Amino acid sequence: MGTRAGGRRTGPKCIAIVGPFASGKTTLLEAILARTGAIPRQSPVSSGNTVSDHSPEARAHAMSVEATFATTDFMGEQITFVDCPGSIEFAFEAEPVLAACDLAVVVAEADEKKIPALQLIMRKLDDLAIPRILFLNKIDKAIAGVRETLKMLQPASSVPLLLRQIPVRKDGIVIGSIDLALERAYIYREYAESQVAEIPNDDKARELEARFSMLETLADHDDHLMEQLLEEIEPPKDAIFDDLSADLRAGAVTPVLIGSAEKGNGVLRLLKAIRHDAPDVEATRKRLGAPEGQTVVQVMKTIHTAHGGKLSVSRVLSGQLADAAELFLSNGETTKVSGIYRMLGKDQIKQTSAKAGDTVALGKLDNVKTGQTLSSAKGGIRPLVTLEPPQPVFAFALRPKERKDEVKMSAAIQRLAEEDPSLSLRHNQDSAETVLSGHGEMHLRVVRERLEGKNQIPIEGHAPAVPYRETIRKSAQQRGRHKKQSGGHGQFGDVVIEIKPLPRGSGFQFTDTITGGVVPKTYIQSVETGIRDYLKTGPLGFPVVDVAVNLSDGSYHAVDSSDMAFQMAAKLAMKEGMAACSPVLLEPVMKVEIVTPSDATSKIIALIPQRRGQILGYDARPDWPGWDVVEATMPQAEIGDLIIELRSATAGVASYKATFDHMAELTGRLADEAMNANGKAA
Ligand SMILES: Nc1nc2c(ncn2[C@@H]2O[C@H](COP(=O)(O)OP(=O)(O)OP(=O)(O)O)[C@@H](O)[C@H]2O)c(=O)[nH]1
Ligand SMILES: [Mg+2]
């Protein structure tokens, strides 16, 4: 028995399954559930019958769009697996899951294009200090040697990828694996346990070489092993297993297992490695700094079920939990558990209690959100996890097709936003639009499908309005007289104004040079009010900015003048005067910072001028080997669907941040289009 790792952890575990898109995570979960008997057999993802991707949205797009929880038992121990979506657009789903899990199984494949996506995941795991195993999937169609593949994948990982198994091939096809620690061969059988075999003679030399390289890596963290290797002493197997466990748990290496999720091969070895080496909740509790001696619960996901019940899928980090228990949020509020369930995809099995390590769904925690920390301690404990969704990169404005659905739609969006904290919703006062923002076109498409499908609300969606403004290029002087005589009191206001352009960003300035009281003080105020009101919609149909107006002259009538009359006179003067000032449209221009894998940098730079952008420069992304940052300015109107092009140029991984930079004049065809779209063509 080794001493570094301190033996096997037997408590319930929570394992996140992550990895680049379409690497086989959902297939792997399905294989695991079949192998452990939680489901009768493995369904292919194409059938739409997997435990994970049962939602109509996932089926429609043949990709996972949310995290799915499934608890199973393996050799008498409970393990909850969480299948996380691979697309960067749904990456935020994994964050609250990863925060509270014990280990991540990273499903990867021999595909060069997916290395940046793998790197993103590995960095996230580094940031959160989550130990990991890499499952090199799709070995059934592997052409390259596994060691070459690992060399290719290594730049994505900051810690050494430690090959634990090598394939056994026959006629170039992988038919089994050799475990380098056990020194045993396993011949694959489809959907069944592999057959233990002698290491084939042809593979012996390769096995010894690969094993030595595994031991060398382990020796980097074990001086005793290093001495043994130097003195050519065969280290005892127990010591090797102990090093493997200790280094995995410490995050010092990432062991690599191979297999084919689709054929159910290599799954049992993976399960055994998890059973033997994974840390349990105690390590996770310490990592998160959760106190002992009380119940602490971390919320990983919020689900509104089809029957309308809310579930908060949660990890019990310490203590225990009974149904109807009262818990405190970090802000001191209380909440009451109403139902504890074990999860298997969309199915829930009721339980009476949960203990430390369990991952369970808690019913009806109305005031509780994903990522929050609940505790039995009076007044609550500080939050253990802070979730910060990245800046949205795509938006659309929506409204229900039928007005009667307005209230229903806003309630449904509230629920969706509760399920998905990376979704943001705002009301744009300017355009009277409800704007949803998220992390890509597919992300928002799925939201829309959920509104239309699950919630039965037909939606009209369009690109959100760009906040155009208008200004003037010339000065003008204009008189405005408002005079009406219709029995009784008349109305009289008379003003002379000078309208002048101001530098960009100045806004609106009002002055007066009235002398001798030709316009009394109170009516000067009315003139300003009238002008401000006029400026809300200028001659081109947009709010007017960067103008100065001076009231230079005018006259009044002792009886007929009024506040209203002077406002009218001012508006009249503006309306006529502005036409002579050569009005022009202004569009917002943003500063964008695009992050991209370096091999796509030239493609990204090429698309900037196509979107009327100006490149400010590009450089290596600090602290991100293999990535660049491209800085540019670009009109907001061109950024609306920028992300679609960025993602397609980079196998889905590039992203950007945009901040307002300045307003710029817009003329010609694009200006006409903007005005037409606004319904007020000049
Ligand atoms: N040849 C081969 N194909 C596989 C294997 N595992 C998965 N696939 C295929 O890879 C594709 C994607 O599988 P999924 O399990 O949906 O992948 P995923 O990682 O869950 O995808 P996302 O959740 O959308 O990121 C499907 O067409 C699978 O049939 C495997 O071991 N071998
Ligand atoms: Mg999936």
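Taking (1) modelled with pLDDT of 95 or more; (2) within 12 Å of ligand 1 (Cβ to nearest atom); (3) open to solvent by 30 Å² or more (accessible area, probe 1.4 Å) in turn, Glu109 satisfies each apart from (3). Scanning segment 46-86 for residues that are hydroxyl-bearing (Ser, Thr, Tyr) and open to solvent by 20 Å² or more (accessible area, probe 1.4 Å) yields Ser46, Ser47.
Within the set Asp512, Asp560, the sole residue that is out of contact with any helix residue (DSSP H, G or I) (no Cβ under 8 Å at 6 or more places or on another chain) and farther than 30 Å from Asp672 by Cα turns out to be Asp560.
Figure legend. Inter-residue proximity from segment 561-578: first residues within 11 Å of Lys483 (Cα to Cα), second residues outside any helix (DSSP H, G or I) and of a type in the set (A, V, I, L, M, F, W, C), beta-carbon distance below 6 Å, spacing 6+ or different chains. Indicated pairs: Ser561/Phe492; Ala565/Phe492; Ala569/Val495. Go through segment 67-81 and give me each residue that's out of contact with any strand residue (DSSP E or B) (no Cβ under 8 Å at 6 or more places or on another chain) and either in a loop (DSSP other than H, G, I, E, B) or within 16 Å of ligand 1 (Cβ to nearest atom) (or both). Passing the criteria: Met75, Gly76.
For segment 10-20, residues that are farther than 18 Å from Phe69 by Cα and within 13 Å of ligand 1 (Cβ to nearest atom) total 1. When residues in segment 243-276 are screened for being buried (at least 23 other Cβ atoms within 10 Å of the Cβ) and acidic (Asp, Glu), 2 of them pass.
Would you be able to say whether some residue in segment 440-463 is over 30 Å from His61 (Cα atoms), of a type outside the set (Lys, Arg) and part of a loop (DSSP other than H, G, I, E, B)? For segment 440-463, residues over 30 Å from His61 (Cα atoms), of a type outside the set (Lys, Arg) and part of a loop (DSSP other than H, G, I, E, B): absent. Checking segment 299-309 against the condition returns a match, with at least one residue being assigned to a strand (DSSP E or B), open to solvent by 10 Å² or more (accessible area, probe 1.4 Å), hydrophobic (A, V, I, L, M, F, W, C) and under 19 Å from Pro421 (Cα atoms). When segment 40-62 is filtered for residues that are part of a loop (DSSP other than H, G, I, E, B) and within 10 Å of ligand 1 (Cβ to nearest atom), the ones remaining, listed by number, are Pro44, Thr50, Ser52, Asp53, Ala62.
When segment 82-101 is examined, which residues are found to be within 13 Å of ligand 2 (Cβ to nearest atom) and either assigned to a loop (DSSP other than H, G, I, E, B) or polar (S, T, N, Q) (or both)? Answer for segment 82-101, where residues must be within 13 Å of ligand 2 (Cβ to nearest atom) and either assigned to a loop (DSSP other than H, G, I, E, B) or polar (S, T, N, Q) (or both): Cys84, Pro85, Gly86, Ser87.
All of Gly48, Gly76 fail the test of being farther than 19 Å from Asn265 by Cα, small (Gly, Ala, Ser) and away from ligand 2 (no atom under 16 Å from the Cβ), apart from Gly76.
Of the residues in segment 197-206, none is within 20 Å of Arg275 (Cβ to Cβ), open to solvent by 30 Å² or more (accessible area, probe 1.4 Å) and in contact (Cβ under 8 Å) with a residue 12 or more places away in the chain.
The condition (being touching a His at 6+ places or on another chain (Cβ under 6 Å) and either open to solvent by 50 Å² or more (accessible area, probe 1.4 Å) or among the hydrophobic types (A, V, I, L, M, F, W, C) (or both)) is satisfied by just one residue among Ala397, Ala417: Ala397.
Would you confirm whether or not segment 11-33 contains a residue that is more than 11 Å from ligand 2 (Cβ to nearest atom), closer than 22 Å to Tyr341 by Cβ, in a loop (DSSP other than H, G, I, E, B) and open to solvent by 40 Å² or more (accessible area, probe 1.4 Å)? No - not one qualifying residue is present in segment 11-33.
Every test in (1) without any contact (Cβ under 8 Å) to a residue 12 or more places away in the chain; (2) away from ligand 2 (no atom under 11 Å from the Cβ) is passed by Ser43 save one, and that test is (1). Only one of the listed residues (Arg211, Arg206, Arg249) is under 32 Å from the mean Cα position of the chain (by Cα), on the phi < 0 side of the Ramachandran plot and either among the basic types (Lys, Arg) or at pLDDT below 95 (or both). That residue is Arg249.
Residues that are in contact with a helix residue (DSSP H, G or I) (Cβ under 6 Å, 6 or more places away or on another chain) and under 16 Å from Gly19 (Cα atoms): list the strands (runs of 3 or more DSSP E) wholly contained in segment 112-222 that include at least 1 such residues. Qualifying strands (runs of 3 or more DSSP E): 132-136, 161-163.
If Val360 passes every condition in (1) over 18 Å from Thr71 (Cα atoms); (2) open to solvent by less than 50 Å² (accessible area, probe 1.4 Å) but one, which one does it miss? Answer for Val360: the failing condition is (1).
Conditions (1) basic (Lys, Arg); (2) within 25 Å of Thr601 (Cβ to Cβ); (3) in contact with a Ser or Thr (Cβ under 9 Å, 6 or more places away or on another chain), marked per residue:
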| site | (1), (2), (3) |
| --- | --- |
| Gly640 | no, yes, no |
| Lys657 | yes, yes, no |
| Leu666 | no, no, no |
| Met675 | no, no, no |
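Going through segment 634-671 one residue at a time, which ones are of a type in the set (S, T, N, Q) and either under 15 Å from Arg469 (Cα atoms) or open to solvent by 20 Å² or more (accessible area, probe 1.4 Å) (or both)? If the condition is that a residue be of a type in the set (S, T, N, Q) and either under 15 Å from Arg469 (Cα atoms) or open to solvent by 20 Å² or more (accessible area, probe 1.4 Å) (or both), then Gln636, Ser648, Ser655, Thr659, Thr667 are the ones that fit.
Of the residues in segment 567-584, none is open to solvent by less than 10 Å² (accessible area, probe 1.4 Å) and closer than 28 Å to Gln391 by Cα. With respect to Ala290, is the statement that it is within 30 Å of Ala325 (Cβ to Cβ), among the small types (Gly, Ala, Ser) and assigned to a helix (DSSP H, G or I) true? When the stated conditions are applied, Ala290 does not pass them.
Does segment 228-240 contain any residue that is of a type outside the set (Gly, Ala, Ser) and either at pLDDT 95 or above or under 30 Å from Arg123 (Cα atoms) (or both)?
For segment 228-240, residues of a type outside the set (Gly, Ala, Ser) and either at pLDDT 95 or above or under 30 Å from Arg123 (Cα atoms) (or both): present.
Can you tell which of Gly7, Gly37 is more than 12 Å from ligand 1 (Cβ to nearest atom), modelled with pLDDT of 90 or more and not basic (Lys, Arg)? Within the list Gly7, Gly37, the selection yields Gly37. For segment 611-630, residues that are in contact (Cβ under 8 Å) with a residue 12 or more places away in the chain and either surrounded by 16 or more Cβ atoms within 10 Å (Cβ to Cβ) or within 17 Å of Val653 (Cβ to Cβ) (or both) total 13. The lone criterion from (1) open to solvent by 60 Å² or more (accessible area, probe 1.4 Å); (2) modelled with pLDDT under 95; (3) closer than 27 Å to Gly626 by Cβ; (4) more than 16 Å from ligand 1 (Cβ to nearest atom) left unmet by Lys141 is number (4). Checked against (1) of a type in the set (D, E, K, R); (2) open to solvent by 20 Å² or more (accessible area, probe 1.4 Å); (3) within 13 Å of ligand 1 (Cβ to nearest atom), Glu95 passes all but condition (3). In the set Ser431, Ser410, Ser437, only one residue is part of a strand (DSSP E or B) and closer than 23 Å to Pro467 by Cβ; that residue is Ser437.
The values are calculated or read from the model by the stated rules, or taken from the named source; none is laboratory data. All values reported here derive from a predicted model rather than from experimental measurement. Every residue, glycine as well, gets a Cβ built from its backbone with ideal geometry; the counts of neighbours run over all protein chains shown. Only protein heavy atoms, including side chains, enter the accessible area calculation; ligands, DNA and RNA are left aside. Shrake-Rupley method; radii C 1.70, N 1.55, O 1.52, S 1.80 Å.
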